[in-house]
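A.B. asks: Pasting in a structure now, in structure tokens, and then I'll have a few things to ask.
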Amino acid sequence: MILELLGGNLAHGLLLGGVYGLATMGLSLIFGVINVVNVGHGQFIMVGAFVAQTMFTALGLSPLIAIPAAFVIGMALGFFFFYTVIRRLVEAPELTTLLATFAIGILLEEIAKLIFGADFRGYNWGLGKIELAITTIPLSKIYAFVGSIVIALFLYLWFSKTRLGTAVRAVIEDSEGARVCGVNVDWIYALSFAIGIGLTVMSGVLLTMFIPVGINPYMGGTYTLKAFVIAVLGGLSSPYGAFFAGLIFGLIENGAYVLFAQIPGVAPFSLTVSLAFWMLFFLLLLKPTGLLGK
Amino acid sequence: MSLLRLENVTKRFGGLLAVNNVSLELASGELIAIVGPNGAGKTTLFNVISGVFFPEEGKVIFEDRDITRLPAYRRAPLGLGRTFQIPRPFGSATVRENVAIGAMFGTLGSRINVDESLEMADRYIDLVGLQPHREKLAGNLTPVEKKMVEIARALAMKPKLLLMDEAMAGMNPKDIDYMVDLLIRIKEKEKIAIVAMVEHIMRAVAGLAKRVVVMHQGATFVDGPTADVLSDPRVIEVYLGGPSEKSKKDLVTNQTS
Amino acid sequence: MKSRSCMAVAGFVVTLAFLFPMYAFGAKDKVVIGHPACLSGKYAKAGEQAVGGIKACIDWVNNVHGGVTVDGKKVPLDYKYYDCESKKEGVTSFIERLITVNKVNVVFSAYSSGLTLAGAPVAERYGMVYMDHGGASDRIFQQGFKYIVQTIGPGSKYHEGTLDMIHHIDPKVKKVALAYEDSEFARMTMGGAEKHAKALGFEVVFKRTYPKGVTDLTPLLSDLKTKKPDIVIGGGHYEDGQLFTRQMSDLGIQVKALSLVASVTLPSYYEALGGRLAEGVMGPSHWEYGVTYSAAGAKKEGLDWIGPSQDEFVALFKKAVGKDMIPEYHAAEAGAQVLAYVKAVEMADSIGQDKVRAALGKLKFMSFYGGWDVDDTGMQIGHSMIDMQWQEDGKRVIVWPPEAATGKPIYPKPAF
Amino acid sequence: MGMTGYVDFGYVTFIALGAYGMSLGITYFYQVEGLGIWIVFIGFLLALLLASLSALLEAFIALRLRGAYFAIACIGINEGLRHFIEGAKLWGGSEGLIFSGSLIQAVGRETANQLTTFWADLAVFIIAALAAFLNIHYMRSKIGYALTAVKEDEDAAKVMGVNTTKYKTIAFLTSGLLGASVGAVAWGLKLGYVFPGDVFVIHYTVECIVVVLLGGAGTLLGPVVGGLIYGLSKYWLAIIWPGFQLLIFAPIIIIIIVLFPEGVVGMLKNRVRGTALERYLL
């Protein structure tokens, strides 16, 4: 019985983990390249969620179409905020950019509230579901998972096979060195920030394929915190590390619940969340480079 | 009695032998120069002496006391001061505050208060010739001035031994002459031993020290009176032949680790 | 250093705020209601409703009722509110400002039990009547506050009616699962529901809480599914209700009845779930558009009636918020609170705090919101809950209690 | 603590534990005969104790981690602790502790009113004054110099003879004890309740950082100016334009950061560098 439950939960956890992973890659990319901790990360996820919701309900378009649309919107937002705000702060101390992204986050929330109101929204794609022996899985979750993997793979290919991707990797390793080698580091900064935001907004769409309800201007905060944890698990400046860490996080979040539920007199859900953070804490102390780090 | 004695010190980074079985002895008040090409292990040796790294093998003895495993901050009060290869003054503090920090936590320790430290700082600022920059933020100085701040800061610690990492790297001939002169003055005035690490500038070495140690590939290669060492054909070969490509590579790993 | 200075600065700012008082709002010729509203932050939705409801009822009092009668004189009502951003610092500092600078005559609480509690000591210190339309926790009234009076009903009663109804329709059904948000209010509801379920002979097969702000309920619901309950009741706030229903459907958990607090009664719930998934789901509520409280009904029960009729209230509300929005219970309870205050002032024939508080203690009346009566601690006991169900084509039907019902319940609920 | 150069996202943990200490003291001791008003002091001591423990823990982490990693580890502790209290149903779990009633029972209604208002406010001011005093004292003593050295370059500091472990511990303990005092008084005593979800909120620390950066980090006047800009503009915007203050506020912050990356005071300082005015801005 417990094993069945555990198996079912792990299946859901794995699927969710894929989306978590993608949702964190943008954060890691931006930190890796520009050394900016994007505290407004979750708010960009919120933007993606609204893109999916609006396109579905107002225009009747499938979330699958919303994915590229969200990426384009995210890139545009990324370039906009980079050239108006971030570019001027790249050399400033870490905290200054933290403050800037914090303010950008608030701005996005308030604009979203102005446009969409404070209501909780959702949409119903109604794709049907797969019945397994241990659990039931809606198809949209599987689409979201596959989508995440495809995008992550695509990013991987871009990083390793293209000139531009290689340049980005060089900047992550050593921006001064890259500059010396003739890489236009400023352009790489702008591009990486835009791609990072694009990925994040896009992951907002995928997230709604997983959880298509509760979309509202203030939904982002929770995801910022989760993304931080996942990013650290993955080694902070490594986008792939983040992706795998997301998978692991999803598994733990869903799996540990079953185990904690066996202890009488506790609230297993909260303990599960607590576990994730303590794990982060100890991991940082023992292996600051992240689970997959050197 | 020797001031500092190294006994068969070895330090490895992964598979790389950065310092290989080095033994060295230094008397109080002696000024020696350590020379050697990039990657010869000089900086690592300094780090072992000042306690930034602990060696895998061998002993570091300071005034008959084994300090091999003593943390860096506890070596300073014993009388070990040093400067860094790339000057690292505390950028957001003024020159005066920088030097005062040296006085506060150096050999005088709790016997000196903040005001006395600041006064003492002024003395050493005068000594190195930084009077005009006393109230400037150290971060805004030129590299050479930063080096001077470091020297003053290290002197304010009232050390018995001053380790100078890359004493003259990146300086023009005028600055080098000034530095040679300054080090000799310091030795005379403060009565302390100085180990100055010099990379390539042989001209300076001749005027500076009576004794020279040449390091090559992590080991002491030649150790003796300056005139003899400088005319030693092996030394000339090491320098003129230039470091091998391999040791160049070692240098990179060595210095970034 | 930074954080310490931050606190020091906070103190400094508060001091400064007192150095620049604005005495523009004299309170001689009008009676002012003060309110630290939650217009942004996590309770923004409820806050907007409350402000609209209050404005609507003030409109009615001033223009239909002709103002508040004090000392034989009709005085208009005024409303002063700030946005507390759903934060306790906002609540405490704005209540302080409302009392000392704006010289308001009564303070309405912010939304949620926590924020209501945060403001209580401030109101208490100034001996100011503090009316709670947003904090449902019973524990607020166990602290010995003297000036607090509640309009919203206590949380423990939320799901009692639902259980009564199911027991009435299908006495054979036994297995009930409880899954509530781990918040002050929801836990109160869960406690009440558990007690009532056992009293009615139900078997509680599952009982768990989930943290606030949860984004994925799959682990909990998978666990719930293995217990094979007939009825599921739970909930907490808005977003978790949508999530709860959605993920129950995702996991294929089919039950005879599902009832969630807070979220279900909102139109956004129906829309967010694309309609179909919401059908048959029930939600307890303090008030719903369509309830049948009326002046005639009040007379039958021997209660005074005050305030607009339901339709009048809805019209005034729309005017107040400036858009075509249907008021929800947050609006209704805040509006009813205005009426309660007016009633109490007229009864005491004074705006003196102690006299008004005493009058509120004795007051008993009915409005479009239903009954109003508080016990000695100030806790609301006169208001009863209703149960609402989504039926086909997005119809909101009040199914319980029979005296307020506008239609028959669908039972068992259609499969997801 | 800006002094060590560590962004202490865990500061709110100190405040939260302070609030918990006070709440625990009052909740568990109010029925003990003869304690009367002393329960408040017991609460205060508990607050200091809890905060010291967590400050030591953070200092320990600070020995191993720097920069963003340290900040995130502190977030980890904060969130972990909060959810542990909720999950393990420790100290009332997510129900928190509500003790206004207990306090009234223990010391009487009048005294309780006095305590939660006048005395609590007074204590906050005393703590603020103490914090300012400590700040200035530290800045002028060896501790301040040591912390500057640690902030700038830990390795260099060690070689200079600065015992970095000791000074980091001092910094975190000071920060923790002050945070706990504020939490115990301004939160615990003044509000009369504590819910884990309300106190362990990282957002508060972020706001503090905003305040400091707006003013200019590393300046004495900076936080005051930043606090004034932040507090007053937010407060007045909320009064003038309820519901829209954040919409206006966010771009203002962004503009200030872009125009004055070193903070307002930092910018002024650069302008007046070398003049007599500089001394006053430091």
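A.B. asks: Buried by at least 30 Å² relative to the chain on its own: which residues of the stretch C:238-283 qualify, computing accessible area with a 1.4 Å probe on protein heavy atoms?
C.D. replies: C:Glu239, C:Gln242, C:Arg246, C:Asp250, C:Leu251, C:Ser268, C:Ala272
A.B. asks: Could you list log10 I(q)/I(0) for the stretch B:123-165 at q = 0.15, 0.16, 0.21 Å⁻¹, which the Debye formula gives when each Cα is one point scatterer?
C.D. replies: The Cα Debye sum returns log10 ratios of -0.34, -0.39, -0.65.
A.B. asks: Another question about this same structure. With an 8 Å Cα cut-off and a minimum separation of 6 or more residues, compute the relative contact order for the stretch C:88-218 in percent.
C.D. replies: 19 percent
A.B. asks: Where both partners of a DSSP beta bridge lie in the protein assembly as shown, what percent of those bridges are antiparallel, to the nearest 5?
C.D. replies: Once the DSSP bridges in the protein assembly as shown are tallied, antiparallel ones form about 45 percent.
A.B. asks: Taking the Cα of B:Arg69, stepping 7 Å toward and past its beta carbon, and measuring to each backbone N in the stretch B:39-57: which are under 18 Å?
C.D. replies: B:48-57
A.B. asks: Under 16 Å Cα-Cα from C:Lys225, which aspartates and glutamates qualify once same-chain neighbours fewer than 8 residues away are excluded?
C.D. replies: Reachable aspartates and glutamates: A:Glu4, A:Glu131, C:Glu203, C:Asp216, C:Asp250.
A.B. asks: Tell me the label-point distance for the pair C:Ile326, D:Leu63, using the 7 Å Cα-to-Cβ offset, in nm and rounded to one decimal.
C.D. replies: About 6.4 nm, to one decimal.
A.B. asks: Sequence gap of 8 or more, or different chains, plus Cα separation below 21 Å: how many lysine pairs satisfy both in the stretch C:21-170?
C.D. replies: So the count of such lysine pairs works out to 26.
A.B. asks: When the convex hull of the C-alpha atoms of chain A is computed, what volume per residue in Å³ does it have?
C.D. replies: 140 Å³
A.B. asks: Under 13 Å from the Cβ of C:Met188, count the other residues' Cβ atoms, weight Lys and Arg +1, Asp and Glu -1, and hand me the total.
C.D. replies: -3
A.B. asks: Could you state, as a whole-number percent, how many of the C-alpha pairs of the stretch C:235-276 are farther apart than 17 Å?
C.D. replies: Every Cα pair in the stretch C:235-276 considered, those over 17 Å come to 22 percent.
A.B. asks: Any idea how far the Cα center of the stretch C:110-163 sits from the one of the stretch C:204-248, in Å?
C.D. replies: Each part reduced to its Cα centre gives a spacing of 27 Å.
A.B. asks: Here is a further query. Given chain C, what percent of its DSSP beta bridges are antiparallel, to the nearest 5?
C.D. replies: Percent antiparallel among DSSP bridges in chain C is about 35.
A.B. asks: Under 19 Å from a point placed 7 Å out from the Cα of B:Ser92 along the Cα-to-Cβ direction: which residues of the stretch D:112-139 have their backbone N that close?
C.D. replies: Answer for this model: D:132-139.
A.B. asks: Show log10 I(q)/I(0) for the stretch C:29-185 at q = 0.16, 0.19 Å⁻¹, two decimals, from a solvent-free Debye sum over equal Cα scatterers.
C.D. replies: The computed values of log10 I(q)/I(0) come out as -0.91, -1.15.
A.B. asks: Pop out the carbon and sulfur fraction of the accessible area of chain C as a percent, whole number, probe 1.4 Å.
C.D. replies: Answer for chain C: carbon and sulfur cover 55 percent of the accessible area.
A.B. asks: Hey, what's the stretch B:81-213 come to in accessible area per residue, 1.4 Å probe, Å²?
C.D. replies: 38 Å²
A.B. asks: Still on this structure: Set the Förster radius R0 to 51 Å, insert the Cβ-Cβ distance between A:Ile115 and C:Lys227 as r into 1/(1 + (r/R0)^6), and round the FRET efficiency to 0.05.
C.D. replies: Result of the calculation: an efficiency of 0.75.
A.B. asks: Using only the alpha-carbon atoms of chain C as identical scatterers, what base-10 log of I(q)/I(0) does the Debye formula give at q = 0.08, 0.09, 0.13 Å⁻¹?
C.D. replies: Evaluating at q = 0.08, 0.09, 0.13 Å⁻¹ gives log10 I(q)/I(0) of -0.44, -0.55, -1.09.
A.B. asks: How far apart, in nm, are two points set 7 Å out from the Cα along the Cα-to-Cβ line at C:Val204 and at B:Glu188?
C.D. replies: Result for the modelled spin labels: 9.2 nm.
A.B. asks: I would also like to ask the following. Could you tell me the calculated FRET efficiency between C:Asp311 and C:Glu403, based on Cβ-Cβ distance and R0 = 22 angstrom, to the nearest 0.05?
C.D. replies: Approximately 0.70, to the nearest 0.05.
A.B. asks: Take the alpha-carbon centre of the stretch C:39-71, take the same for the stretch A:124-138, and report the distance between them in whole Å.
C.D. replies: So the two Cα centres are separated by 46 Å.
A.B. asks: Right, here's the next one. Can you list residues from other chains, or at least 5 along the same chain, whose modelled amide H is less than 5 Å from the amide H of B:Val222?
C.D. replies: B:Val214
A.B. asks: Shifting gears a bit: How much of the calculated P(r) for the stretch A:131-189 lies past 19 Å, in percent of all Cα pairs?
C.D. replies: 51 percent
A.B. asks: Okay, moving on. With axes computed from alpha carbons, what is the tilt in degrees of helix C:239-250 against the longest principal axis of chain C, rounded to the nearest 10 within 0 to 90?
C.D. replies: 10 degrees
A.B. asks: Right, here's the next one. Can you pull the semi-axes for the stretch D:12-201, root of five times each eigenvalue of the Cα gyration tensor, sorted largest first, whole Å?
C.D. replies: 34, 20, 12
A.B. asks: Taking beta carbons within 10 Å but only from partner chains, what does the mean come to for residues C:112-118?
C.D. replies: For peptide C:112-118, the averaged partner shielding equals 4.
A.B. asks: Follow-up question, since we're still on this one. Whole-Hz ³J(HN,Hα) for each residue in the stretch C:304-311, computed from phi via Karplus 6.51 cos²θ - 1.76 cosθ + 1.60 with θ = phi - 60°, x for glycine and proline: what do you get?
C.D. replies: Calculated HN-Hα couplings, in order: 5, 10, 9, x, x, 6, 4, 5 Hz.
A.B. asks: Would you list which lysines come within 17 Å of B:Lys189, measuring only between C-alpha atoms, while excluding same-chain residues fewer than 8 positions from it?
C.D. replies: Partners within reach: B:Lys158, B:Lys160.
A.B. asks: Now a separate question. With viscosity set to 1.002 mPa s at 20 °C, what whole-number translational diffusion coefficient in µm²/s follows for the protein assembly as shown from Stokes-Einstein and a Kirkwood radius over Cα pairs?
C.D. replies: Reported coefficient: 64 µm²/s.
A.B. asks: If you don't mind, there's one more thing I want to ask. Kindly report the accessible area of chain C per residue (heavy atoms of protein chains, probe 1.4 Å, no ligands, DNA or RNA), in Å².
C.D. replies: That works out to 32 Å² per residue.
A.B. asks: Additional query: Mind checking which lysines have their Cα closer than 18 Å to the Cα of C:Lys299? Skip sequence neighbours fewer than 8 apart in that chain.
C.D. replies: Output for C:Lys299: C:Lys343, C:Lys364.
A.B. asks: Continuing with this model, one more query. Tell me which DSSP H helices of chain A clear both cut-offs, 18 Å or more of axial length from alpha-carbon atoms and a mean Kyte-Doolittle hydropathy of at least -1.0.
C.D. replies: A:2-34, A:41-59, A:63-84, A:94-116, A:139-161, A:185-210, A:220-233, A:239-260, A:268-286
A.B. asks: Considering the alpha-carbon set of the stretch B:87-158 alone, what are its Rg and its Dmax in angstrom?
C.D. replies: 10.7, 33
A.B. asks: Using modelled backbone amide H atoms (1.01 Å from N, in-plane), which distant-in-sequence or interchain residues come within less than 5 Å of B:Glu57's amide H?
C.D. replies: B:Thr10
A.B. asks: If you don't mind, another one. Write down, largest first, the equivalent ellipsoid semi-axes of the stretch A:89-128 in whole Å, where each equals the square root of 5 times an eigenvalue of the alpha-carbon gyration tensor.
C.D. replies: Three semi-axes, in Å: 34, 15, 6.
A.B. asks: FRET efficiency for D:Ile248 and A:Ile149, Cβ-Cβ distance as r, R0 = 25 Å, nearest 0.05?
C.D. replies: With R0 = 25 Å, the Cβ-Cβ based efficiency is 0.05.
A.B. asks: With a sphere of radius 13 Å drawn around the Cβ of C:Tyr111, what net charge do the other residues whose Cβ falls strictly inside it have (Lys, Arg +1; Asp, Glu -1)?
C.D. replies: Charge balance near C:Tyr111 sits at -3.
The values are calculated or read from the model by the stated rules, or taken from the named source; none is laboratory data. From a predicted model like this one, the values you see are computed outputs, not experimental measurements. All Cβ positions, even for glycine, are placed from backbone atoms using ideal geometry, and neighbour counts span all protein chains on display. Each accessible area value is taken on the protein alone, full model and side chains, heavy atoms only, with ligands, DNA and RNA left out. Shrake-Rupley method; radii C 1.70, N 1.55, O 1.52, S 1.80 Å.
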